[in-house]
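Enquirer: Attaching a single structure in structure tokens format; questions to follow.
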Amino acid sequence: LQGPCASYDTACSASLVANHGSMRALQRLECDTALSAAVNMIMDSTFMRINATAGFTSASGRSHTFDARADGYARGEAIDAVACRLLDEAKDGTAVRMNGSAIRQDGRSASLTAPNGQAQQGVLSAALNDAELSPQQSSALEAHGTGTALGDPIEAGAMAAVMLSQRELSNAPLVVGSLKANAGHTEPGAGLAGALRLVVQ
């Protein structure tokens, strides 16, 4: 392992931002194989208490994603890694195609826990453009979906604006889910864990 190396700390998006860097390094021929990995282990209760005191975590201990019971998120653990190669170099039968990628900053929003719906629409549109796909060609979407009464509706609105605005009733349904409802919020590992869940299913 002697190629370009970087650590990313962008909170919940860290593993996806790392994977974005891997994809771009491959496309620029900086390396022929790229490894993206993320780890979240709960080793100490201090951070749990801080999050609970701030009102971030669920009193019920579950992430109720896109649910009327949403009252915060449950923390989860993950160790996830993916090795990427350019498609023409991948061995037959072992390749999962990653068509496109995009990253964006949320910009101004009401608070740390309040996402910016317009920014979310922008990154969804940018990812589709990079993949050269239309929203109608997408059949599944892994949402951030932390299970908060504030964030989930904003995210749902952004997804609807981009993914459903031109979708006809005759199109296949768009299946939306979030790993957090089953495994909790794995924080820096959340993005890659969610992407891998789509691959497994």
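The values are calculated or read from the model by the stated rules, or taken from the named source; none is laboratory data. Because the structure is a prediction, the values reported are computed rather than measured. Counting neighbours? That spans all protein chains shown, and the Cβs are built from the backbone with ideal geometry, glycine included. When the accessible area is computed, the model is the full protein with side chains, heavy atoms only, and any ligands, DNA or RNA have been set aside. Shrake-Rupley method; radii C 1.70, N 1.55, O 1.52, S 1.80 Å.
Enquirer: For THR148, all conditions in the list (1) over 13 Å from the mean Cα position of the chain (by Cα); (2) surrounded by fewer than 21 Cβ atoms within 10 Å (Cβ to Cβ) hold save one; what is the number of the exception?
Expert: It is condition (2) that THR148 fails.
Enquirer: Would you kindly identify the helices (runs of 4 or more DSSP H) lying entirely within the stretch 106-189 that contain at least 3 residues that are closer than 28 Å to SER60 by Cβ?
Expert: Here the list reads 151-159, 180-183.
Enquirer: Taking the options ALA59, ALA34, name whichever one is among the hydrophobic types (A, V, I, L, M, F, W, C), farther than 18 Å from THR186 by Cβ and in contact with a Cys (Cβ under 6 Å, 6 or more places away or on another chain).
Expert: ALA34
Enquirer: If you don't mind, another one. Are any of the residues in the stretch 73-81 over 30 Å from ASP32 (Cβ atoms), of a type in the set (D, E, K, R), modelled with pLDDT of 90 or more and in contact with a strand residue (DSSP E or B) (Cβ under 7 Å, 6 or more places away or on another chain)?
Expert: Yes, the stretch 73-81 contains at least one residue that is over 30 Å from ASP32 (Cβ atoms), of a type in the set (D, E, K, R), modelled with pLDDT of 90 or more and in contact with a strand residue (DSSP E or B) (Cβ under 7 Å, 6 or more places away or on another chain).
Enquirer: Continuing with this model, one more query. List every residue pair whose Cβ atoms sit under 9 Å apart, with the two residues 6 or more apart in sequence or on different chains, where the first one lies in the stretch 123-145 and is among the β-branched types (Val, Ile, Thr) and the second, anywhere, is at pLDDT 95 or above and assigned to a helix (DSSP H, G or I).
Expert: Once the first residue is among the β-branched types (Val, Ile, Thr) and sits in the stretch 123-145, its partners that are at pLDDT 95 or above and assigned to a helix (DSSP H, G or I) give VAL123/ALA158.
Enquirer: Every residue in the stretch 160-174 that is open to solvent by 30 Å² or more (accessible area, probe 1.4 Å) and either touching a residue at least 24 places away in the same chain (Cβ under 8 Å) or touching a Ser or Thr at 6+ places or on another chain (Cβ under 7 Å) (or both), please.
Expert: Passing the criteria: ALA161, LEU164, SER165, GLN166, ARG167, GLU168, ASN171, ALA172, PRO173, LEU174.
Enquirer: Could you tell me which of the residues SER101, SER63, SER13 is at pLDDT 90 or above, hydroxyl-bearing (Ser, Thr, Tyr), open to solvent by less than 60 Å² (accessible area, probe 1.4 Å) and part of a helix (DSSP H, G or I)?
Expert: Exactly one residue qualifies, and that residue is SER13.
Enquirer: A further question on this structure: Return the only residue of GLY177, GLY157 being of a type outside the set (A, V, I, L, M, F, W, C), touching a residue at least 40 places away in the same chain (Cβ under 8 Å), within 27 Å of GLY76 (Cα to Cα) and touching a helix residue (DSSP H, G or I) at 6+ places or on another chain (Cβ under 6 Å). I'd like the intermediate steps shown before the answer.
Expert: Numbers: GLY177 fails: touching a helix residue (DSSP H, G or I) at 6+ places or on another chain (Cβ under 6 Å).
GLY157 is the lone residue from the list that is of a type outside the set (A, V, I, L, M, F, W, C), touching a residue at least 40 places away in the same chain (Cβ under 8 Å), within 27 Å of GLY76 (Cα to Cα) and touching a helix residue (DSSP H, G or I) at 6+ places or on another chain (Cβ under 6 Å).
Enquirer: Give the residues of the stretch 29-46 that are farther than 18 Å from ALA6 by Cβ and touching a residue at least 24 places away in the same chain (Cβ under 8 Å), sorted by residue number.
Expert: ASN40, MET41, ILE42
Enquirer: OK, next. Restricting to the stretch 28-55, name every residue that is open to solvent by 80 Å² or more (accessible area, probe 1.4 Å) and within 20 Å of ALA195 (Cα to Cα).
Expert: Selection gives LEU35, VAL39, MET41.
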